């Protein structure tokens, strides 16, 4: 049977997370070069995601119509059956091949 998690282990994890958070806040407030680069990259990421979202709202239906067939039927514009294809006819003398185990 598995032993229950030790309180000391959970306390160490919580302390390490809090120390990392405090260090991050101290660096953020110090306006260090790393923080400046992080802010630039974070703002670029947010700007890119907003631009992609806006572009998809504007051009999404156009892109969707380009890559998916429109219409009714089995596969969009494809009809359910092909009427111009006839059935295979065999001569009376032809032997049909069958699979045998």
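Every read-out reported here was derived from the displayed coordinates using simple, explicitly stated rules and does not represent laboratory data. Remember, it's a predicted structure, so these values are computed and weren't measured experimentally. Positions of Cβ are generated from backbone atoms using ideal geometry, with glycine treated the same way; all protein chains shown enter the neighbour counts.
Between residue 45 and residue 10, the C-beta separation translates, for a Förster distance of 35 Å, into a calculated FRET efficiency of about 0.60. Over all directions, the projected convex hull of the C-alpha atoms in the stretch 9-64 averages 6.4 nm² in area.
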